[in-house]
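Here the structure is laid out as structure tokens; the discussion comes afterwards.
Just so it is clear, none of the values below were taken in a lab; they were calculated from the coordinates. Quick caveat: nothing in here was measured; it's all calculated off a predicted structure. Positions of Cβ are backbone-derived with ideal geometry, glycine not excepted, and every protein chain shown enters the neighbour counts.
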Amino acid sequence: MNIVDKIRMEQVKPDMVDFAVGDSVKVYVKIIEGDTERQQVFAGVVIARRGSGIEETFTVRRVTAGQGVERVFPLNSPRIGKIEVTRRGRVRRSKLYYLRSKVGKAAKVKEAR
């Protein structure tokens, strides 16, 4: 293991919650407004995960007022306060980009038992 890999492994958050594609999550994002800091919740379905180690990211999709909103979060970002899994989803593929074209109940992911 070279020095670059050692530095990367030091930056990885050790206490990350285990979640997968298809899970419904709440991501608590730290927002800085002037000199105050607050947490804002972005809740939705994880539709993709990519990368590994320090470069790992995940995409969360939610529908707000009939408009789909997707946001990509770096998994090890200091801006992420915590991640809560609200519902485990049962899916058979690693990328759920097909949910973009679905509307209403068709866009739901089945719950894992």
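For the reader, a short list of remarks on this structure follows.
- Local net charge near L75, Cβ-Cβ under 14 Å (Lys/Arg +1, Asp/Glu -1): +2
- Between K13 and K105, the FRET efficiency estimated from the beta carbon spacing at R0 = 25 angstrom works out to 0.10.
- Cα centre as origin, Lys/Arg/Asp/Glu Cβ charges: region 11-113 dipole, Debye: 820 debye
- Taking other C-beta atoms within 10 Å as the exposure proxy, M16, M1 rank M1, M16 from fewest upward.
- In the chain, lysine pairs closer than 29 Å at Cα, eight or more apart or cross-chain: 24
- Prolate/oblate/rounded label for the chain (Cα gyration tensor, a/c 1.5): oblate
- At an R0 of 22 angstrom, the distance between the Cβ atoms of A43 and K6 translates into a FRET efficiency of 0.05.
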